[in-house]
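J.: There's a structure below that I have some questions on.
The values are calculated or read from the model by the stated rules, or taken from the named source; none is laboratory data. Just so you know, these numbers come straight off a predicted model, no measurement behind them. No Cβ is skipped: glycine too gets one built from the backbone with ideal geometry, and neighbour counts run over all protein chains shown.
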Amino acid sequence: MKTRMLCLLPVILVCSFCSVAFWFFLTNNNVITRPVSKIPQKGSDASESCKGCKDSVLITKALENYSSKWKKQEANFKKFRSLLSSKCHAVSKAVVTQSNTPLGSNVVYDGERRKPLQVTPALFSIFAKEQPFRNATFESCAVVGNGGILSNSSCGQKINSAQFVIRCNLPPLGNGHEQDVGNKTNLVTANPSILHEKYSGLMDRRRPFVESLRPYGQALLLLPAFSYAHNTPVSLRAFYTLEDFGREGPLPVFLNPDYMRRLSKFWRERGLNSVRPSTGLIMASLALEICTNVHLYGFWPFNKHPHDNRSITNHYYDDRESKKNVHSMPTEFEHLLKLHKQGVVHIHLGDCQPNRR
């Protein structure tokens, strides 16, 4: 028995040595089994990295379909404009008037149809007496979005050279922004949320609101008073504020919810499934009906510049994010980019060359 144990001893030693060597190899090559990592949560570095990758893919795709050497395709423009006009009728319906919204009728909110508002004599009296675009066909229109791509763009002169300039959501024009975004304004929109955030819903002092509108001169001030019921009171206060101060600035008019329903349906039929079109898309659509040549500035929904990939802010004046659950900016941009490629609208990306005199 003793002899047998002596014979097995070398085998046992060899096995032990191999086992130790094997674990030593695993330890030094970092292949010891570790707990499975958790999936990165929203807001983590990994999540931000994934978002950056997605944006890079979208940017690459967008630039593949974009050409700075743009040429208007008259046949495509006329075809799209005719289709848009036949569905939406901006010339007669974009703004609430006494003719398209008569006394005693019901205003049906485009965002909540269950709560119609009856047109009383007091409400009827502040509606525009005629459609501002009734006989208007402008040779050139500039629709100015608020994208950070406009920063240091030197596009101000080109924007000002348009016959009709549309701006979105009361953007700042002073403090050195004029060189990039110009200062000419024929129509500017005012989202009710801005009236609440910047001017306390016009429940306190109202002169700061009136004074802030001075840069827009005698432009039309387009208020979406009838998109949702909670937007009506503050929009009416904006109207009365300007009236009380002797109309020292823009002329307030109301966006027609009937037009908005038609426009939303038009874009849904083309694959845009957001809750409602953004202000930028609404204004670009309006311009396509009333303008012969449509130029879009500040329409770039990504945080990287298309030319040198540098980081840019969400807006040319701040870095506040838009409401992603309401609007789908990248998808909207795809639709506009398609129109650019077809020669229907001219999207300007990057820097503008100053006009030579």
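J.: Does SER68 fit the bill of being among the hydroxyl-bearing types (Ser, Thr, Tyr) and free of Cβ contacts under 8 Å to residues at least 12 places away in the same chain? Let's see the steps before the verdict.
T.: Values: among the hydroxyl-bearing types (Ser, Thr, Tyr): yes; free of Cβ contacts under 8 Å to residues at least 12 places away in the same chain: no.
No; evaluated as a whole, the condition is false for this residue.
J.: Now a separate question. Just to be sure before I move on: is PRO301 in contact with a Gly (Cβ under 8 Å, 6 or more places away or on another chain) and surrounded by fewer than 21 Cβ atoms within 10 Å (Cβ to Cβ) in the structure I sent? Can you show your working first?
T.: Working: in contact with a Gly (Cβ under 8 Å, 6 or more places away or on another chain): yes; surrounded by fewer than 21 Cβ atoms within 10 Å (Cβ to Cβ): no.
When the stated conditions are applied, PRO301 does not pass them.
J.: Any idea how many residues of region 113-171 are assigned to a loop (DSSP other than H, G, I, E, B), farther than 20 Å from ASN314 by Cβ and in contact with a Gly (Cβ under 7 Å, 6 or more places away or on another chain)? Spell out how you get there, then give the answer.
T.: At the first step, the residues of region 113-171 found to be assigned to a loop (DSSP other than H, G, I, E, B) are 113-116, 119-120, 125-127, 129-137, 145-146, 151-155, 161-163, 168-171.
When the remaining residues are screened for being farther than 20 Å from ASN314 by Cβ, the result is 113-116, 119-120, 125-127, 129-137, 154, 161-163.
Among the residues that remain, those that are also in contact with a Gly (Cβ under 7 Å, 6 or more places away or on another chain) are: 119.
Of the residues in that region, 1 qualify.
J.: Oh, and also: Answer yes or no: is there a residue in region 141-155 that is in contact (Cβ under 8 Å) with a residue 24 or more places away in the chain, surrounded by fewer than 18 Cβ atoms within 10 Å (Cβ to Cβ) and farther than 23 Å from SER311 by Cα. Steps first, please.
T.: Step one: list which residues in region 141-155 are in contact (Cβ under 8 Å) with a residue 24 or more places away in the chain, which gives 141-155.
Checking which are surrounded by fewer than 18 Cβ atoms within 10 Å (Cβ to Cβ) leaves us with 151-152, 154.
The next check asks that each one be farther than 23 Å from SER311 by Cα; those that pass are none.
Looking through region 141-155, none of the residues is in contact (Cβ under 8 Å) with a residue 24 or more places away in the chain, surrounded by fewer than 18 Cβ atoms within 10 Å (Cβ to Cβ) and farther than 23 Å from SER311 by Cα.
J.: Okay, next question. If THR189 satisfies all but one of (1) under 22 Å from PHE333 (Cβ atoms); (2) without any contact (Cβ under 8 Å) to a residue 60 or more places away in the chain, what's the number of the condition it fails?
T.: Exception for THR189: condition (2).
J.: Residues that are modelled with pLDDT of 95 or more, outside any helix (DSSP H, G or I), buried (at least 17 other Cβ atoms within 10 Å of the Cβ) and in contact with a His (Cβ under 9 Å, 6 or more places away or on another chain): does region 242-255 have at least one?
T.: no
Table: residues versus (1) touching a helix residue (DSSP H, G or I) at 6+ places or on another chain (Cβ under 7 Å); (2) at pLDDT 95 or above; (3) part of a loop (DSSP other than H, G, I, E, B); (4) not hydrophobic (A, V, I, L, M, F, W, C).
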position	(1), (2), (3), (4)
THR185	yes, yes, yes, yes
VAL188	yes, yes, no, no
LYS198	no, no, no, yes
GLY201	yes, yes, no, yes
ASP204	no, no, yes, yes
GLN218	no, no, yes, yes
ASN231	yes, yes, no, yes
ARG237	yes, yes, no, yes
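J.: Does GLY271 satisfy the criteria of being touching a residue at least 60 places away in the same chain (Cβ under 8 Å) and on the phi > 0 side of the Ramachandran plot?
T.: On the way: touching a residue at least 60 places away in the same chain (Cβ under 8 Å): yes; on the phi > 0 side of the Ramachandran plot: yes.
When the stated conditions are applied, GLY271 passes them.
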